[in-house]
Structures are given as C-alpha cells and as structure tokens.
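Student: Dropping a structure here in structure tokens format, bear with me for questions.
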Amino acid sequence: MTATSNEYILTDMGGGARYPYPKHVWSPAGGWWSRPANWRSNTFITFAGIFAIAYGVWSVSADREFRSIQPDRPIPSMMWAKQYKSQSQESGDS
C-alpha cells in the first residue's frame with residue numbers, strides 16, 4: 001500500500017478497514033465516515049459566524065463596562081472602555 005491511500009491512513013491510525021453500516025440511520029454529525037466535499041467552505045462560514053458573534057459580544061461588553069472602584073495600575077480593558085477613553089480625552093484637553 002502507498003502512503004497516500006485512504007486505507008493505509010485509516011489502518012495506520014487504528015481506524016481499521018471500513019465496514020458495512022446501516023444506511024437508514026440518521027446522524028446530525030453526518031454519520032459514518034462523513035467527509036463532505038465542501039468542508040472547507042463550511043468551516044470558513046462557521047468560524048466567520050463565531051467571530052461575528054464574539055465581536056458583537058465584545059463590543060456590547062466594552063460599551064457597558066464601568067468600574068466603580070478605579071484600578072491602582074493600568075489594566076488592558078482601559079484601552080477600549082468608554083469610561084477611561086472619556087477620562088483621557090478630558091485630561092488631554094486641560
């Protein structure tokens with residue numbers, strides 16, 4: 001067998017040979033040996049959606065962030081929190 005054949009890769013990694021499986025079983029994960037042809041585009045779309053949601057949550061969190069007790073040293077969220085941006089603009093104007 002060559003190193004590029006699927007059988008070699010599966011047996012080398014312990015998967016064994018493909019065996020008969022029931023065709024009538026439905027699985028949300030795609031079933032046995034699922035390898036859709038458009039997995040790259042599906043992966044890209046999924047990660048783009050995750051990134052968009054994370055960016056939205058980040059933006060809402062940064063807009064609503066308020067600290068009643070001021071930190072005694074600079075912290076990373078001071079770079080994007082409205083509370084500290086407005087304070088730095090006021091101190092820069094005077």
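The values are calculated or read from the model by the stated rules, or taken from the named source; none is laboratory data. Since the structure is predicted, the reported quantities are computational estimates derived from the model, not experimental observations. FYI the Cβ positions are ideal-geometry reconstructions off the backbone, even for glycines, and counts take in every protein chain you see.
Student: Between residues in segment 59-86 that are at pLDDT below 85 and surrounded by 10 or more Cβ atoms within 10 Å (Cβ to Cβ) and residues that are basic (Lys, Arg) and assigned to a loop (DSSP other than H, G, I, E, B), which pairs lie under 8 Å by C-beta distance while being six or more apart or on different chains?
Tutor: Close Cβ pairs satisfying both conditions: 81/67; 83/67.
Student: Here is a further query. What number of residues in segment 12-45 are modelled with pLDDT of 75 or more and outside any loop (DSSP other than H, G, I, E, B)?
Tutor: 7
Student: Still on this model: For segment 19-65, which positions are of a type in the set (Phe, Trp, Tyr) and on the phi < 0 side of the Ramachandran plot?
Tutor: Selection gives 19, 21, 26, 32, 39, 44, 47, 51, 55, 58.
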